[in-house]
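J.: Pasting in a structure now, in structure tokens, and then I'll have a few things to ask.
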Amino acid sequence: MPPRRIFRPNPTASVVSLIGLPLLTLIPLVVAVAALRAGSPMTIVLAGVFFVLAAIPAYLFFVMLRGWFSIEVDAEALSLHGAFGAWHLRLPWAEQEAVGMARQHKAAVLAVRPRQPFARAPRSALTWKAEKRLLLISSLHNWSAPADEIEAEIRVHAGAGWVEADGRPDWQVTVT
């Protein structure tokens with residue numbers, strides 16, 4: 001069996017998000033503080049506008065961190081690891097009825113069908129479709145390796161648990 005592989009979100013996008021978004025938050029904050037120090041009514045209003053402008057990239061930064069995770073594939077399980085070790089989800093192959101690429105509208109999304117259904121999605125970054133018994137994980141595009149390479153790696157480790165989901169209505173998901 002091949003050794004474990006770890007796939008992370010696209011490195012360029014991660015660096016831009018981890019450096020760019022904090023900078024886009026810091027710059028309006030500096031302007032807002034400078035405007036507050038001026039003390040005139042107009043600059044106080046301007047400071048409020050810049051505080052709001054600073055909140056937008058800050059919010060995007062926290063959303064990005066919450067949804068950021070890496071995918072680890074090995075002989076025993078498919079594992080997901082949140083940013084900075086914030087969370088970990090291990091999905092052992094033996095506990096999955098099937099693994100495949102579900103269709104979510106036109107996009108292909110990595111999904112698992114556990115033998116024991118979840119009451120709700122185990123992480124907010126993931127989507128649990130109870131009516132289909134599918135845990136939607138992520139598209140395999142924009143990761144540290146090409147999508148077909150990641151899919152091939154998962155396919156090898158999932159073995160007989162891998163399903164060709166194309167054309168199967170039970171693997172077609174609509175967004176609600």
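J.: For region 144-161, which residues satisfy the criterion of being open to solvent by 30 Å² or more (accessible area, probe 1.4 Å) and either among the hydroxyl-bearing types (Ser, Thr, Tyr) or over 14 Å from Asp74 (Cα atoms) (or both)?
T.: Listed by number, the residues that qualify are Ser144, Pro146, Asp148, Glu149, Ala160.
J.: Turning to a different aspect of this structure: Do any residues in region 44-64 that are farther than 15 Å from Leu26 by Cβ have Cβ atoms under 8 Å from those of residues that are open to solvent by less than 80 Å² (accessible area, probe 1.4 Å) and of a type outside the set (A, V, I, L, M, F, W, C), where the two are at least six apart or on different chains, and which pairs are they?
T.: Sorted first by the residue in region 44-64, then by its partner, the pairs are Met64/Ser17.
J.: Look through region 79-101, keep the residues that are part of a strand (DSSP E or B) and within 15 Å of the chain's Cα centre (by Cα), and return whichever of them is modelled with the lowest pLDDT. Walk me through it before giving the result.
T.: Going through region 79-101, the residues part of a strand (DSSP E or B) turn out to be 79-82, 88-92, 96-101.
The next check asks that each one be within 15 Å of the chain's Cα centre (by Cα); those that pass are 79-82, 88-89.
Working: Ser79: 93, Leu80: 90, His81: 89, Gly82: 84, His88: 88, Leu89: 90.
Looking at residues that are part of a strand (DSSP E or B) and within 15 Å of the chain's Cα centre (by Cα), I get Gly82.
J.: Okay, moving on. Can you work out which of the residues in region 102-120 that are at pLDDT 90 or above and of a type outside the set (A, V, I, L, M, F, W, C) is surrounded by the most Cβ atoms within 10 Å (Cβ to Cβ)?
T.: This residue is Arg113.
J.: With respect to the numbered conditions (1) surrounded by fewer than 17 Cβ atoms within 10 Å (Cβ to Cβ); (2) of a type outside the set (Lys, Arg); (3) free of Cβ contacts under 8 Å to residues at least 40 places away in the same chain; (4) closer than 26 Å to Ser17 by Cβ, which one is the sole condition not fulfilled by Thr127?
T.: Going through the list (1) surrounded by fewer than 17 Cβ atoms within 10 Å (Cβ to Cβ); (2) of a type outside the set (Lys, Arg); (3) free of Cβ contacts under 8 Å to residues at least 40 places away in the same chain; (4) closer than 26 Å to Ser17 by Cβ, Thr127 breaks only (1).
J.: Read through the list (1) open to solvent by 40 Å² or more (accessible area, probe 1.4 Å); (2) free of Cβ contacts under 8 Å to residues at least 60 places away in the same chain; (3) closer than 30 Å to Ala147 by Cα, then give the number of the only condition that Trp87 fails.
T.: So the condition that Trp87 fails would be (1).
J.: Moving to a separate point now. Could you pull out the residue among Ile56, Ile6 that is part of a strand (DSSP E or B) and open to solvent by 30 Å² or more (accessible area, probe 1.4 Å)?
T.: Working: Ile56 fails: part of a strand (DSSP E or B).
So the residue among Ile56, Ile6 that is part of a strand (DSSP E or B) and open to solvent by 30 Å² or more (accessible area, probe 1.4 Å) is Ile6.
The values are calculated or read from the model by the stated rules, or taken from the named source; none is laboratory data. In this text the structure is predicted, and so the values were computed from the model without any measurement. Positions of Cβ are generated from backbone atoms using ideal geometry, with glycine treated the same way; all protein chains shown enter the neighbour counts. All accessible areas refer to the heavy atoms of the entire protein, side chains included, with ligands and DNA or RNA removed. Shrake-Rupley method; radii C 1.70, N 1.55, O 1.52, S 1.80 Å.
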